[in-house]
Every structure is written in structure tokens, then in C-alpha cells.
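The values are calculated or read from the model by the stated rules, or taken from the named source; none is laboratory data. Predicted model only: the values in this text are computed from it and were never measured. Every residue, glycine as well, gets a Cβ built from its backbone with ideal geometry; the counts of neighbours run over all protein chains shown. Accessible surface is based on the protein model in full, side chains and every heavy atom, while ligands, DNA and RNA are left aside. Shrake-Rupley method; radii C 1.70, N 1.55, O 1.52, S 1.80 Å.
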Amino acid sequence: MSAATAFVRCRGLPRAAGVALLIALAATAFAGQRVAVPEFRYLVDFSVPVAEIVPLAHAVVLATTLFSPMADLEQTAAQPMSRLRGGYLVLLLVLALGLTALPLLTGATAEVFASAARNVVGYLGLGMISARLFGSGLAWLLPLGMFGPTLLLGVDSDNTPEPWAWSLHASSSTSAAVVAVLLWLTGVVAAATGRPRQTERAEQ
């Protein structure tokens, strides 16, 4: 078994990718459906395609594989692990984008895919930051912490997304794309330079 294969398997990526694929296939079946934003803050009539929301699940599931239960052994490995870590983070991004593209097979538009791809990049970044701060088992904390307020409070009275609700913006929004990329880059730095929390190692 190669070092790269062992690196991937010890993080449980095959299982996580399988779960994310099942979610993506279910989302693909409902790609044409839309989810209405709750009329919590204002009387609005705003909805987003299912395909733009499901990337949150892909990001969370994949972010749970960020750290290995054998982190102590990896730190004493004979060969540098930085290249493997960097490649792994790129692999997570490629997988997330690939899963996000599946609804295209059932008629999702290029605009919907562009928004979904932006969202999966941003939420994956948040998931990596969350995994670094709180442990891989809590990789969902920051993404869901962002998604909840966005869904409840992210639409203004004029029926347009608030500036901070980047995941609800149209695919043409440059500011939303910049936020998503910055979140991912911050997550990469956190994942590449950080180590699992001691409590996480003990639990695993």
C-alpha cells in the first residue's frame, strides 16, 4: 500500500465519499425543486434550488475526514507529510466540486451549478476551519452556524439577499465568490498548519 493510499484510507475518506455520493444522488433526483426561505424576518417570497443547498452536506461530510486518528505517528513519519496534506486538501475540493456537478445530469442550469460550486467551496472552507478549531467530529459546527442565520435572516425586505448572506447570492456575484474563496483558503491554511486537538486524539 502506498503512502498516499494509506493517508487517504486512515482518514475514512472512502466511507465519507460514499455517504456524500448518496446525498448527491438524492439531490440530483430533486434538482429541479426549490426550497423556500422561511418568512421569518420579512414577508418575502424567496427560494433557492435544492442543488445550491446540498453542497453544505458535501462540505460537512468531507471535512470530517480532515485529520487522522494516527496523527501522532504521522508527525514522526520518515518522509515529510506536507505534500500529502496539500494533495489531500485539493482532493477534497475536487470531490466536493464533482459531487456538486451531478445535478447537471438532470437539467440543472450552469448558473445553478456556478452558485452550488461557490457554496461548496465556501462551506468546505468553514468545515476545515471548524475541524481545526473543534475537532473533525464537529466539522459541521461553523457551516451550520452560518447556514442557519443565512436561511432565516439572509433575505432583505426588498426580496434580495443581504450582503453577508453570500451563499444566497446569484452566481454572478463577485463579492460572494471572493468570500467563498477566502473561506476556503483560510481553511487550507488552518488544515495544513494545524494539528488535531489533543481531546480529539484521545477520543479516537
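Among the residues of the range 145-159, the ones that are of a type outside the set (Gly, Ala, Ser) and surrounded by 15 or more Cβ atoms within 10 Å (Cβ to Cβ) come to 7 in all. Number of residues in the range 83-121 that are under 17 Å from Ile53 (Cβ atoms) and aliphatic (A, V, I, L, M): the value is 13. Reported count of residues in the range 111-150, each being hydrophobic (A, V, I, L, M, F, W, C) and either more than 17 Å from Ala180 (Cβ to Cβ) or in a loop (DSSP other than H, G, I, E, B) (or both), is 7. Scanning the range 168-182 turns up at least one residue that is in a helix (DSSP H, G or I), free of Cβ contacts under 8 Å to residues at least 40 places away in the same chain, out of contact with any Lys or Arg (no Cβ under 8 Å at 6 or more places or on another chain) and of a type outside the set (A, V, I, L, M). Anything in the range 91-110 that is in a helix (DSSP H, G or I), among the aliphatic types (A, V, I, L, M) and over 22 Å from Phe7 (Cβ atoms)? List them, or say none. Result: Ala101, Leu102, Leu104, Leu105, Ala110. If we keep just the residues of the range 165-177 that are surrounded by 13 or more Cβ atoms within 10 Å (Cβ to Cβ) and among the hydrophobic types (A, V, I, L, M, F, W, C), which is nearest to Ile53 (Cα to Cα)? Top of the filtered list is Leu168.
Those residues that are in contact (Cβ under 8 Å) with a residue 60 or more places away in the chain, among the small types (Gly, Ala, Ser) and within 25 Å of Arg11 (Cβ to Cβ), I need them from the range 97-126; list them, please. Within the range 97-126, Ala116, Ala117, Gly122, Gly125 meet the criteria.
Got a number for residues in the range 72-90 being open to solvent by less than 60 Å² (accessible area, probe 1.4 Å) and either polar (S, T, N, Q) or modelled with pLDDT under 90 (or both)?
8
The listed residues are Leu93, Leu133, Leu102, Leu97, and the only one of them that is open to solvent by 20 Å² or more (accessible area, probe 1.4 Å) and either touching a Phe, Trp or Tyr at 6+ places or on another chain (Cβ under 9 Å) or at pLDDT below 90 (or both) turns out to be Leu93.
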